Each structure stands twice: as C-alpha cells, then as structure tokens.
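The values are calculated or read from the model by the stated rules, or taken from the named source; none is laboratory data. Source: prediction; values computed, not measured. Virtual Cβ from ideal backbone geometry, glycine too; neighbours counted across all protein chains shown. For the accessible areas, the whole protein counts, side chains as well, though only heavy atoms, and no ligand, DNA or RNA atoms are used. Shrake-Rupley method; radii C 1.70, N 1.55, O 1.52, S 1.80 Å.
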Amino acid sequence: METYRILQHPILGEIQQGKPVEIEVDGKTISAFEGEPIAAALLAAGIRVFRYTTKRHEARGVFCAIGRCTDCMMIVDGIPNVRTCITPVKAGMKIQTQVGLGKPQEMQP
Amino acid sequence: MRETEFAIVGAGPAGLSAAIEAARAGVQVTLIDENEKPGGQLFKQIHKFFGSKEHYAGVRGIDIGYQLLDEVEKCGAEVMLNSVVWGIFENLDLGIIQNGKRNLHLQPKKVLLATGAVENALAFPGWTLAGVMGAGAIQTLVNVHRVLPGKRILMVGSGNVGLIVSYQLLQAGAEVVALVEAAPRIGGYAVHASKVARRGVPILVSTTVKEALGKETVEQAVLVSLDENWKPIPGSERTLDVDVICLACGLSPLAELAWMAGVDFTYIPQFGGWMPLHNENMETTRSGLYIAGDLAGIEEASTAIEEGRLAGVAAAESLGYLSPAAAEEQKTVIRKRLNQLREGPFGEARKEIKEQLAFGGGKWRY
Ligand SMILES: Cc1cc2nc3c(=O)[nH]c(=O)nc-3n(C[C@H](O)[C@H](O)[C@H](O)COP(=O)(O)OP(=O)(O)OC[C@H]3O[C@@H](n4cnc5c(N)ncnc54)[C@H](O)[C@@H]3O)c2cc1C
Ligand code: FES
C-alpha cells in the first residue's frame, strides 16, 4: 500500500509519533500511531473520502484539520458525527464511513 | 461557580505570553484552550522567524513554542486543556465545556480573548471535493502529524501562508505543481517567494482556479487567467493533474466570543476584516475585557506574542499587582518591540492603523 507518511524530514528529522497500533476502517485493518488524529492515520493510508452528505450524497474529506468545519465526521466505535481530525487513535478502534447524519438506519454506505 | 482573577481564552502565542506576564506579576491566571496541547498555531511553524534582532529572529516557531510552554509551567498559571469556552456573559463569566462533557462556569475579574483566526475559504465548482483543503490544515498534517495530504499540490494564494506552506510541502517531499495568485503581484515577502521559485515552482499571478474536477476526490484543477479587472479571460483555461488544492486565501479574526460580549467592532481589510476595537492596552470597549493576537487583527506569531504580553501587563496593573509606573515601564519596552516588528511596507501600514485605533480618537469607529 502506498504510504503518505513523511518518514524523513530535513528539519524535523525521523518520524517519532506514538506507539504503532492497528485500527479497522470499514472492515479493513490499517496501521496507525496511538494518539495521532484518526484523520491523519486515514490519510496516511491513502483514504480520502470520510463521509457522504445527507441530501446530495456528495463525498467529503478533511478540510480544516482543526475541528472547525465538520467535513471529516465519521462513525467511531458506533458513535456518529465524530470529528476525526481532532479525535486521537486508540488501538482497535472501529471506524466507518458516515452517510448523512449517521443515524443507525443509514449506517452502511 | 469557580472564580479566578484573570481568565485567558486561547493558549496560542498571544494567550501564553499574556499568562506568563500576568502570573509573573502575581496574578491568579487560568489559561483555557480547546486543544489537547497548548501552543495554538505555533507548533506548525517550522520555518525561522525574522524581524527584530532581540525578537526570536532566526528561531523556528516550534522552538519558540517550547520556550513559552516552559515559561508557562514555571510561572504558576493554571492551564485548562480540552476546554471549549462556549459563552461569555454579563459579568464576564465564562461557560466552558470540558472534555466534551462537563460544563463549568467560571467567574473571572478580567478576561483576555486570544482565540486566533479562522481560514478564509474560496468557493468554486468542485471546491467540496475531498482534497480541497485549507493551508492551515495542510500545515498541521504535514508538520505536526507527518502525513502528506496528497502528492501533487496546487497552491492558491501567494501571501506568506501560501508561500511558506508551499515550501514546507516541498521539504516534506510533495510536488507543488503551481502556485496561483489572483492579484497581479505576489502578496507575501520576497524572501519566501524566491525560496519557492528557486525550487522550480511556477508562480502564476493574475491566475485563479476556475474549477476542481474529480469524482469524489480532486483529480484535476482548471486554471484561468484574469484580466486587469479580475475577470476571467475566455480561452485561457488550462488543466493540471493534481490531487490536492490548497487554499491560502487569508485569515479572519475568530471573533464569535467578542461579538457575544457585545464590544464595538471595526472593519479593517489589512487586518483581515471585522475585529474588535481596542486601545493601547489591548482593552476593548468593554472594561476588563482584553484581546490580543490574531483576534486583534491578523499579523504574525511574533506580534501576537508582544500583544499578549501587553495585555498581560495591563491586566496585572488593573488588578493592582503592578504600580502604574512599573506597568508603564514594561509597556514601553513591549510597544517598542512591537513597532520594530511592524516595519517594511506591510508593517508600516499596520503600525499606523494600530496607533490610530489606540490613540486616534475613533477614526476607525463604525
Ligand atoms: C493555520 C494558520 C497558520 C499560520 N501560519 C503562520 C506562519 O507560518 N507564520 C506566522 O508568522 N504566522 C502564521 N499564522 C498567523 C498567526 O497570526 C500567528 O502565527 C499566531 O499563531 C497567532 O497567535 P494567536 O495566539 O493569536 O492565535 P492561535 O495561535 O491561533 O491560538 C488561538 C488558540 O485559541 C484556541 N481557541 C479559540 N477559540 C477558543 C474557545 N472558544 N475556547 C477555547 N479555546 C479556543 C484555539 O484552538 C487556539 O489554540 C498562521 C495562522 C493560522 C490560522
Ligand atoms: S476537517 Fe474540519 S472538523 Fe475535521
């Protein structure tokens, strides 16, 4: 799988994020670092569509990365509307692409 | 209801600096920020600062951040993280939600709002596709979380943020396919622009993005040239293969709490639009309510630090911890540094406006 991680950096040096863990995204396992935002782990794995809008079912991904715009909301461990750009990764988390407002009947994309 | 002497909303460079000055003078300080870690935008800034010699020139933003955090720890201010201030009320009392759950009511004697800024978006067909992002978002992902949002980037906007983030993307290994600027000239400092140009990034002035194309994510960007009236020139469209369109179209003061507090505002384009009026002590038209940093007009981290200090000293004075003479002495030094930072063609204009705001008898009043 292609990675978008910046492993080496001319100023910041070698990558030193948290402990490597695994999380599940729509049933697939990806690797992540504990404590990093969920959105960072997803982008690193090349996942760019996080949810579909309620009325027009348009794709949305990360826009602001600081918790302001709500474009990055997903269902995290069963809870919908979680802003993944400011929610830290924990080992074994289950993440789902959110459709609409993520009500139970809409949970599957 | 909990009480404190001086509540500071926002732990960016402005809020941190205010906390340090006030706590050093003996004030009981509560510094509140919605994030897990303090620092605001500072930890995204991995470039070296320039400006006055005594003022962090040549030091990187992140290192200034660590220095400030260190001082905050030593000065004894209380730091309340994961805490969103959602309201400010009649007696400057604050409504705070902690960890997304607990609601806390805090009654301070004085309040500083140092909430920073919000990025301006730019709407064009396709701008909601995944892959269209703010420059601040990209700076956060690349420099803090060490993830590239894509590999082929179109940068929109040639202000300092657009230029700096372009360079940081290059450093991180992405390709910046082009940088477009709607105005006929580059907006930011020449030093930053030439660093980007030397790495072979075409900087296209009088050009904007007309449309983003792609099914769910950005696959292409359509550029168009603009005439002297900023109107698209028909037939000048060209298409670039990109996977990210980065919007660096300026910042606006994050002023909701200030609006809610009912202070008087003014509109100053050079400072990012609507901002609260304030005097030479950073106090708004509501007594005991101060502002500093980007909320008091978009500038830079270095000016945010000095304005924060000014507000911290002024609050300490009004709470009786500094004599007027002692406070004046400190404020004079800080104002001198602020003036040194506001140099050059851009800085000079900001200096004049700030002086008129503070001393000019209301020229900028609406
Ligand atoms: C994305 C971005 C990138 C930038 N890059 C640069 C750069 O590279 N170089 C440069 O010189 N300047 C840059 N700037 C400009 C900026 O002026 C300064 O660098 C500086 O960070 C401003 O300091 P501040 O303390 O005013 O605000 P900030 O650093 O933004 O800090 C404000 C803090 O307040 C918090 N906050 C806001 N509202 C609330 C609330 N209601 N409750 C609790 N907490 C709240 C925010 O989350 C944040 O942590 C950038 C600005 C932004 C927005
Ligand atoms: S990307 Fe804007 S809230 Fe997460």
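Over chain B, what relative contact order in percent results from Cα pairs under 8 Å that are six or more residues apart?
19 percent
Which translational diffusion coefficient, to the nearest whole µm²/s, is obtained for region B:231-319 from the Stokes-Einstein equation, given a Kirkwood hydrodynamic radius over C-alpha pairs, 20 °C and 1.002 mPa s?
For these conditions, the coefficient is 140 µm²/s.
Restricting attention to region B:157-260, which GluC sites (Glu not before Pro) occupy a DSSP loop and are surrounded by at most 10 other Cβ atoms within 10 Å?
Details: sites: B:Glu175, B:Glu181, B:Glu211, B:Glu216, B:Glu219, B:Glu228, B:Glu237, B:Glu256; in loops: B:Glu216, B:Glu219, B:Glu228, B:Glu237.
Passing both the DSSP loop test and the Cβ count: B:Glu228.
First check a/c for region B:121-247, with a ≥ b ≥ c the square roots of the eigenvalues of its C-alpha gyration tensor; if it is under 1.5, answer rounded, and if not, answer prolate when a/b is larger than b/c or oblate otherwise.
Verdict is oblate for region B:121-247.
Rounded to the nearest 500, what is the 222 nm mean residue ellipticity of chain B from helices alone, with -39500 (n - 2.57) per DSSP H run of 4+ residues and division by all residues?
Mean residue ellipticity, 222 nm, calculated: -9500 deg cm²/dmol.
Of A:Lys19/B:Lys37; A:Lys103/B:Lys215; A:Lys19/B:Lys74, which sit over 23 Å apart, Cα to Cα?
Distance filter (> 23 Å) returns A:Lys103/B:Lys215; A:Lys19/B:Lys74.
Would you mind classifying region B:211-366 by shape? Square roots of the alpha carbon gyration tensor eigenvalues, ordered a ≥ b ≥ c; an a/c under 1.5 is rounded, otherwise it is prolate if a/b is larger than b/c and oblate if not.
The shape class here is prolate.
Provide the net charge surrounding A:Leu7, with neighbours chosen by a C-beta distance below 12 Å and charges set as Lys +1, Arg +1, Asp -1, Glu -1. Show your work: numbers first, answer last.
Working: positive: A:Arg5, B:Arg146; negative: A:Glu14.
Residues near A:Leu7 contribute +1 overall.
Taking all pairs of different Cα atoms in region B:70-117, averaging 1/r and flipping that mean, what Kirkwood radius in angstroms comes out?
Here the Kirkwood hydrodynamic radius works out to 12.1 Å.
Just how many % of Cα pairs in chain A lie over 20 Å apart, if you round to the nearest whole percent?
In whole percent, the share of Cα-Cα pairs in chain A beyond 20 Å is 38.
Lys and Arg at +1, Asp and Glu at -1: add these up for the other residues within a Cβ distance under 13 Å of B:Val111 and post the number.
It works out to a net charge of -2.
In chain B, if the dipole is taken from +1 on Lys/Arg beta carbons and -1 on Asp/Glu beta carbons about the Cα centre, which of B:Ile353, B:Ala7, B:Val161 is farthest to the positive end?
B:Val161
Counting trypsin sites (Lys or Arg not before Pro) as exposed when in a DSSP loop with at most 14 other beta carbons within 10 Å, what is the longest stretch of chain B free of them? It would help to have the intermediate numbers written out before the result.
Numbers: sites that count: B:Lys53, B:Lys101, B:Arg185, B:Arg199, B:Lys215, B:Lys363, B:Arg365.
Value returned for the longest uninterrupted segment is B:216-362.
On a 1.4 Å probe surface of the protein chains, which of B:Glu343, B:Glu300, B:Glu90 comes out largest in accessible area, and what is the full order?
The most accessible residue leads, giving B:Glu90, B:Glu343, B:Glu300.
What does the charge add up to near B:Met260, with Lys and Arg as +1, Asp and Glu as -1, over the other residues with Cβ less than 14 Å from its Cβ? Numbers along the way, then the final one.
Values: positive: B:Arg286; negative: B:Glu90, B:Asp93, B:Glu256, B:Asp264.
Computed value for this residue: -3.
In terms of the Cα gyration tensor, with a ≥ b ≥ c the square roots of its eigenvalues, is chain B rounded because a/c is under 1.5, prolate because a/b exceeds b/c, or oblate?
prolate
What order do B:Ser302, A:Ser31, B:Ser252 take when sorted by accessible area (1.4 Å probe), most exposed first?
So the residues, ranked largest to smallest area, are A:Ser31, B:Ser252, B:Ser302.
Can you tell me the dipole magnitude for region A:20-102 around its Cα centre, using point charges on the Cβ only (Lys, Arg +1; Asp, Glu -1), in Debye to the nearest 20?
360 debye
Projected onto the charge dipole of the protein assembly as shown (+1 at Lys/Arg Cβ, -1 at Asp/Glu Cβ, origin at the Cα centre), which of B:Leu247, A:Ala65, B:Val224 gives the Cα projection farthest towards the positive end?
The Cα lying farthest towards the positive end belongs to B:Val224.
Roughly how big is the protein assembly as shown's charge dipole about its Cα centre, with Cβ charges of +1 (Lys, Arg) and -1 (Asp, Glu), in debye to the nearest 20?
In total the dipole reaches around 540 debye.
Could you go through region B:90-104 in sequence order and give the Karplus-derived ³J(HN,Hα) for each residue, using 6.51 cos²θ - 1.76 cosθ + 1.60 with θ = phi - 60°, rounded to whole Hz, and x for Gly and Pro?
3, 9, 6, 6, 10, x, 10, 9, 9, 6, x, 10, 6, 9, 10
From the helices alone, meaning DSSP H stretches of at least four residues, give me the mean residue ellipticity at 222 nm for chain A, per-run term -39500 (n - 2.57), in deg cm²/dmol to the nearest 500.
Calculated from helices alone, the mean residue ellipticity at 222 nm is -1500 deg cm²/dmol.
Tell me the volume per residue, in Å³, of the convex hull enclosing the alpha carbons of the protein assembly as shown. Walk me through the numbers on the way to the answer.
On the way: hull volume 74.2 nm³, N = 475.
Cα-based convex hull of the protein assembly as shown, divided per residue, equals 156 Å³.
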